[in-house]
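Read through the structure below, which is laid out as structure tokens, and then see the notes.
The values are calculated or read from the model by the stated rules, or taken from the named source; none is laboratory data. Everything numeric here is computed off the predicted structure, so don't read it as measured data. Don't worry about glycine lacking a Cβ; one is built from the backbone with ideal geometry, like all the others, and counts go over all protein chains shown. Accessible surface areas use protein heavy atoms only, side chains included; no ligands, DNA or RNA. Shrake-Rupley method; radii C 1.70, N 1.55, O 1.52, S 1.80 Å.
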Amino acid sequence: MTGRATVEGGGLEAALGLMAGASSVAVLTGAGISTDSGIPDFRGPNGVWTKDPEAERRSTIQHYVADGEVRRRAWQVRLASEMWHARPNPGHLALAELHRQGRLHTLVTQNIDGLHVAAGVPESLVVEVHGTVHRYECLGCDATGPMDEVLDRVRAGDDDPACLRCGGILKSATVMFGQSLDPVALHRAEQAALEADVLLAVGTSLSVYPVAGMVPLAREAGRPVVVVNAEPTPFDAGAAAVVRGSASEVLGPLVASGAPLG
Ligand code: APR
């Protein structure tokens, strides 16, 4: 992403003012915060689903379980993922600074790349509502572990590795379409939207539920919502501020606004 942050809706000034007055911020991030780390998003102009709508249709648990070809393709995509070489960008680092200021209530992320923890946000404050690519899980038993263990098997030529304990189907520990979210994670996300002074939604098209429901929840609780996104979202109209710009350029100034003195 390049280009100066432009403003629409309440705009950058309104966002700066809201952040300046917030002592507790709930954050919801999506794939857009990681594009400047080299990880494509899904629905942006160069998004994974934008480029291959069939890939979105295939990314369901039903297809994954039923079709070995879908699994074999998925393991090759995992093996080649940009996530293994990605590093936190200034957007991730700004949210880690928000934590260091003592103002981060909860960081709810739809991302599976682990970059918020890599940037310095404590795991205890990060809620990965769509899971993580860094671990695998078995659909036949409760076996789970570091994704590298399975990727080593794929590299060695096993193109659809089965569980070593029960022979079941293995997948990444992410939430696929057709699977439900961890109810504890979802509850934490909802509580954050209700409790924090401000809800900051960054780099997400706010098009996937139930987690997009954090925004109406915050608004019904009278909490201002600040949207930072490169493209319009369905919730821009009701947001207290909309900043049309790059997360890696905008979040630094937003977090610096209202930083505790001393
Ligand atoms: N700064 C700000 N916004 C950006 C940037 C950037 N540098 N780069 C991209 N964007 C915006 C895009 O314009 C897009 O509107 O980020 C948004 C990302 O939206 P999606 O691609 O839909 O990603 P996300 O909202 O995280 O998707 C939610 O859908 O496919 C599932 O499970 C997947 O977690 C994902 C969920």
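Points worth noting:
- Pairs are defined by a Cβ separation below 6 Å, a sequence spacing of at least 6 or placement on different chains, a first member in the stretch 225-238 that is over 20 Å from VAL255 (Cα atoms) and within 12 Å of the ligand (Cβ to nearest atom), and a second member that is at pLDDT below 95 and open to solvent by 20 Å² or more (accessible area, probe 1.4 Å); the pairs so defined are ASP236/GLY9.
- ILE112 falls short on exactly one of the conditions (1) away from the ligand (no atom under 16 Å from the Cβ); (2) within 20 Å of ASP36 (Cβ to Cβ); (3) aliphatic (A, V, I, L, M), and that condition is (1).
- Scope the stretch 238-261; condition under 15 Å from LEU199 (Cα atoms), surrounded by fewer than 22 Cβ atoms within 10 Å (Cβ to Cβ) and of a type in the set (A, V, I, L, M, F, W, C); matching residues: ALA240
- Evaluated against (1) in contact with a helix residue (DSSP H, G or I) (Cβ under 9 Å, 6 or more places away or on another chain); (2) within 10 Å of the ligand (Cβ to nearest atom), PRO45 falls short on exactly one condition, (1).
- Those strands (runs of 3 or more DSSP E) lying entirely in the stretch 176-262 with at least 2 residues more than 21 Å from ALA119 (Cα to Cα): 225-228, 241-244
- Some residue of the stretch 181-192 being more than 29 Å from GLY44 (Cα to Cα), open to solvent by 10 Å² or more (accessible area, probe 1.4 Å) and either touching a residue at least 12 places away in the same chain (Cβ under 8 Å) or aromatic (Phe, Trp, Tyr) (or both): no
- Single match in ALA239, ALA230 (criterion: more than 18 Å from VAL126 (Cα to Cα) and under 17 Å from the mean Cα position of the chain (by Cα)): ALA230
- In summary, strands (runs of 3 or more DSSP E) completely within the stretch 75-152 and bearing 1 or more residues that are in contact with an Asp or Glu (Cβ under 8 Å, 6 or more places away or on another chain), of a type outside the set (Asp, Glu) and surrounded by fewer than 21 Cβ atoms within 10 Å (Cβ to Cβ) occur at 131-138, 144-146.
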